[in-house]
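The values are calculated or read from the model by the stated rules, or taken from the named source; none is laboratory data. Only a predicted model underlies this, so the values are computations on that prediction, with no experimental measurement involved. Because the Cβ atoms are built from the backbone with ideal geometry, glycine has one as well, and the counts that use them run over all protein chains shown.
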Amino acid sequence: MPTLTSQIRTSSPEFEARRAHMLALLETFEQRQRAARQAGGDRALAKLRKRGKLSPRERVERLLDRDGSFLELSTLAAFGQYDDEAPGAGVITGVGHVEGRLCVITANDHRVKGGAIYPASADKMIRAQQVAMENGLPAIALTESAGANLLHQAELFAMGTRGGRGFSNQARMSAAGTPQIAVVFGSSTAGGAYVPGMADINIQVRDKASVYLAGPPLVKAALGEDAEDAELGGAEMHASVSGLCDLLAEDDAHAIALARATVRMMHRSGHARPRRVARPPAYDPDELLGIVPADLRVPFDIREVICRLVDGATGGGAEFHEFRRDYGPELVCGTGWLDGHAVAVIGNNGPITSPAAQKAAHFIQWCNAQRTPILYLQNTVGYMVGIAAERGGIVKHGSAMVHAVSTATVPQFTVLVGGSYGAGNYGMCGRAFDPRLLLTWPCSKIGVMGGPQAARVMRIVQEAAIRRMGGEPEAADMEEMEALVIDEFDRTADPYYATSRLWDDGIIDPRDTRPALSVGLEAAWERDLAVVAEPRFGLLRQ
Ligand code: COA
């Protein structure tokens, strides 16, 4: 057996001299690296503390697993350049473990010129993206950036290897199934705004993050508009109005916890989707009997159903991470665990509006890319109608949602817990959209619309036809016709009519919903072990 044996004598003067030389070099290196890591010194740290912020290194440390590793890259990028005002090129990059999984992490050093991007910062961040792409590692961007450094824009903005390259990389990474999470902690302007904009999922910190193409001074200069920071691009605004913020965090620590929870649920190429030890629901499933009103026109919060189906959290309550909670609130979208299986849930809380449909389309694409099975809880009167809804593009946005549901390759499950009317049945994965299981509760109703609505439509149409022919409709005839339509709609909307014709896989006792779904998820999991389909499109934020 050939072996390798050392020929040097570690006690020799030559060895000692070489070692002393190397240690001297190391001293210089360590001193330079220490200085780079403390960009801005105590003054910059004091400014952060005053604003209730963590330093970029603290953010990275909290994101990483305690017992994991972190290989930091190019710690001395930009050394000796830019009058040494951008230590480490104003960005931390590296490869480290998050929830047991290697991720590429980048963090703007907001102590350096507000996190502005120097040419070397772009090179360093794009190199980190390359590492993520080559190895298919998830990329997590801890963002707080003033965008391009305006004093260096000529070496940055239009160059093919910098500027737009980071964003084209982001889109290509998404298309290649390399997931990207952006966590926005502070002001992120222009190029800094596109990082979360192009990310698959973005998390923003309440009262601290602001994301815009142009900040208040530029808006004033360009348009003469006086804009407050929060109104222009605050996290709450993005969470409820623009739809840019997917998960709203209460503070830096919460944002990092949300990023870790997101990684925990992400699909890993070549692996079956994540599972963990099951926890019982936080609330007694028996209580599912008391949630749906006898009159389905009376609204109820679908979260009351969700929190009795999914696994409980360790600290009490159900574990459920709601996606864009305050944007398009007519659809509740979120992720949790059901009997130890990762699961996404989409449930109705009112007629589906354009923002709700846009949110769902993005959410379905994300779940599909992560191979997270989707559960649809239907209680829908359909998509929003009316002049405002049509002008707002409800057909376009509803179609996008139906498109996402139809082409998702992830296992989907549907439970009718209330009404299933109109195209809401389609967008919420009705029978024609091939859910792996479609179950109904005995209180459910199904039909193109409700009986009274159909009767009213038929009456208006018939009255107009009679008048066109010169006649006058008789009220009694119209009432009789309406009653017939209502009777017919009631008869065919009945869950027993539906189940008799196999429009579903059976009516179930609401208390059996979790065990039934658990079997469905287990069955789909077996299949997933054999088939690992890759997503075919990147995520297009809507
Ligand atoms: N390019 C170059 N320098 C920038 C910069 C940029 N885009 N943004 C900020 N700076 C510099 C400031 O001039 C200041 O320099 P100084 O320390 O030498 O005085 C330093 O960064 C810190 O800025 P300051 O405004 O004091 O910090 P802050 O934490 O209060 O605010 C920002 C940070 C990012 C909110 C604020 O600086 C800002 O709005 N910058 C403009 C962002 C922008 O419009 N970018 C467009 C890029 S295309």
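When you look at Thr161, is it surrounded by fewer than 20 Cβ atoms within 10 Å (Cβ to Cβ), more than 25 Å from Tyr327 (Cα to Cα) and out of contact with any Ser or Thr (no Cβ under 6 Å at 6 or more places or on another chain), yes or no? Steps first, answer last, please.
On the way: surrounded by fewer than 20 Cβ atoms within 10 Å (Cβ to Cβ): yes; more than 25 Å from Tyr327 (Cα to Cα): yes; out of contact with any Ser or Thr (no Cβ under 6 Å at 6 or more places or on another chain): yes.
Yes: the conditions hold for Thr161.
Filter segment 174-192 down to the residues that are among the aliphatic types (A, V, I, L, M) and at pLDDT below 95, then identify the one that is nearest to the ligand (Cβ to nearest atom). Let's see the steps before the verdict.
Just the residues of segment 174-192 that are among the aliphatic types (A, V, I, L, M), to begin with: 175-176, 181-184, 190.
Now restrict to residues that are at pLDDT below 95: 175-176, 190.
Working: Ala175: 26, Ala176: 28, Ala190: 4 Å.
My answer is Ala190.
What number of residues within segment 285-314 satisfy the criterion of being out of contact with any helix residue (DSSP H, G or I) (no Cβ under 7 Å at 6 or more places or on another chain) and not in a helix (DSSP H, G or I)? Show your work before the answer.
Within segment 285-314, the subset out of contact with any helix residue (DSSP H, G or I) (no Cβ under 7 Å at 6 or more places or on another chain) is 290, 292-304, 306-307, 310-314.
If we keep only those that are not in a helix (DSSP H, G or I) as well, we get 292-302, 310-314.
Number satisfying all stated conditions: 16.
Among the residues of segment 378-397, count how many are surrounded by 24 or more Cβ atoms within 10 Å (Cβ to Cβ) and within 19 Å of Val415 (Cα to Cα). Reasoning before the result, please.
Looking only at segment 378-397, we keep the residues that are surrounded by 24 or more Cβ atoms within 10 Å (Cβ to Cβ), and these are 378-380, 383, 397.
Applying the additional criterion that residues be within 19 Å of Val415 (Cα to Cα) yields 378-380, 383.
Final tally of qualifying residues: 4.
Looking at Ala146, Ala128, Ala89, which one is outside any loop (DSSP other than H, G, I, E, B), buried (at least 23 other Cβ atoms within 10 Å of the Cβ) and within 15 Å of the ligand (Cβ to nearest atom)? Give the steps one after another, and end with the answer.
Numbers: Ala146 fails: outside any loop (DSSP other than H, G, I, E, B); Ala128 fails: within 15 Å of the ligand (Cβ to nearest atom).
The match here is Ala89.
Taking segment 60-86, which residues are outside any loop (DSSP other than H, G, I, E, B) and either farther than 22 Å from Ala120 by Cα or out of contact with any Lys or Arg (no Cβ under 8 Å at 6 or more places or on another chain) (or both)? Let's see the steps before the verdict.
As a first pass, look at segment 60-86 and keep what is outside any loop (DSSP other than H, G, I, E, B): 60-63, 70-73, 82-84.
Once the filter is applied, which keeps residues that are outside any loop (DSSP other than H, G, I, E, B) and either farther than 22 Å from Ala120 by Cα or out of contact with any Lys or Arg (no Cβ under 8 Å at 6 or more places or on another chain) (or both), segment 60-86 yields Val60, Glu61, Arg62, Leu63, Phe70, Leu71, Glu72, Tyr82, Asp83, Asp84.
Restricting the search to segment 230-253, which residues are more than 15 Å from Arg325 (Cα to Cα) and either modelled with pLDDT of 95 or more or small (Gly, Ala, Ser) (or both)? Let's see the steps before the verdict.
Here is the first cut: in segment 230-253, the ones more than 15 Å from Arg325 (Cα to Cα) are 230-234, 251-253.
Those that are more than 15 Å from Arg325 (Cα to Cα) and either modelled with pLDDT of 95 or more or small (Gly, Ala, Ser) (or both): Ala230, Glu231, Leu232, Gly233, Gly234, Ala253.
For segment 415-471, which residues satisfy the criterion of being part of a loop (DSSP other than H, G, I, E, B) and surrounded by fewer than 16 Cβ atoms within 10 Å (Cβ to Cβ)?
Residues of segment 415-471 that are part of a loop (DSSP other than H, G, I, E, B), as a first pass: 422-423, 428-430, 434-436, 441-444, 448-450, 469-471.
If the condition is that a residue be part of a loop (DSSP other than H, G, I, E, B) and surrounded by fewer than 16 Cβ atoms within 10 Å (Cβ to Cβ), then Asp434, Pro442, Val448, Met469, Gly470, Gly471 are the ones that fit.
Between a residue in segment 224-251 that is farther than 18 Å from Glu144 by Cβ and without any contact (Cβ under 8 Å) to a residue 60 or more places away in the chain and any residue that is aliphatic (A, V, I, L, M) and part of a loop (DSSP other than H, G, I, E, B), which pairs come within a Cβ distance under 6 Å, given they are 6 or more apart or on different chains?
none
Would you please name the residue that is farthest from the ligand (Cβ to nearest atom), looking only at residues in segment 99-125 that are assigned to a strand (DSSP E or B) and under 17 Å from Gly191 (Cα atoms)? Break it down stepwise before answering.
Of the residues in segment 99-125, the ones assigned to a strand (DSSP E or B) are 101-108, 117.
Then keep just the ones that are under 17 Å from Gly191 (Cα atoms); that gives 106-108, 117.
Working: Thr106: 17, Ala107: 15, Asn108: 10, Ile117: 8 Å.
Only one residue tops the list, namely Thr106.
Here is a check on your reading of the model: is Arg51 more than 16 Å from the ligand (Cβ to nearest atom) and either charged (D, E, K, R) or crowded, with 16+ Cβ neighbours inside 10 Å (or both)?
Working: more than 16 Å from the ligand (Cβ to nearest atom): no; either charged (D, E, K, R) or crowded, with 16+ Cβ neighbours inside 10 Å (or both): yes.
No, not satisfied.
Mind telling me which of the residues Glu27, Glu72, Glu61 ends up being over 28 Å from Asp200 (Cα atoms), at pLDDT 95 or above and charged (D, E, K, R)? Quick ask: steps written out before the conclusion?
On the way: Glu72 fails: over 28 Å from Asp200 (Cα atoms); Glu61 fails: over 28 Å from Asp200 (Cα atoms).
Testing whether each residue is over 28 Å from Asp200 (Cα atoms), at pLDDT 95 or above and charged (D, E, K, R) leaves just Glu27.
This table checks each residue for (1) buried (at least 21 other Cβ atoms within 10 Å of the Cβ); (2) not in a helix (DSSP H, G or I).
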position: Ala222; (1), (2): no, no
position: Ala230; (1), (2): no, no
position: Glu236; (1), (2): no, no
position: Ser240; (1), (2): no, no
position: Leu244; (1), (2): yes, yes
position: Ala253; (1), (2): no, no
position: Ala257; (1), (2): no, no
position: Met266; (1), (2): yes, yes
position: Arg279; (1), (2): no, yes
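The rows are residues; the columns are (1) under 20 Å from Asp284 (Cα atoms); (2) in contact with a strand residue (DSSP E or B) (Cβ under 6 Å, 6 or more places away or on another chain); (3) in a helix (DSSP H, G or I).
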site: Gly316; (1), (2), (3): yes, no, no
site: Tyr327; (1), (2), (3): no, no, no
site: Val332; (1), (2), (3): no, yes, no
site: Gly336; (1), (2), (3): yes, yes, no
site: Ala342; (1), (2), (3): no, no, no
site: Val345; (1), (2), (3): yes, yes, no
site: Ala356; (1), (2), (3): no, yes, yes
site: Ala360; (1), (2), (3): no, yes, yes
site: Phe363; (1), (2), (3): no, yes, yes
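Of the conditions (1) surrounded by 19 or more Cβ atoms within 10 Å (Cβ to Cβ); (2) away from the ligand (no atom under 16 Å from the Cβ), Asp67 satisfies every one except a single condition; which number is it?
(1)
Inspect all residues belonging to segment 154-172 and state whether any of them is free of Cβ contacts under 8 Å to residues at least 24 places away in the same chain and within 12 Å of the ligand (Cβ to nearest atom).
yes
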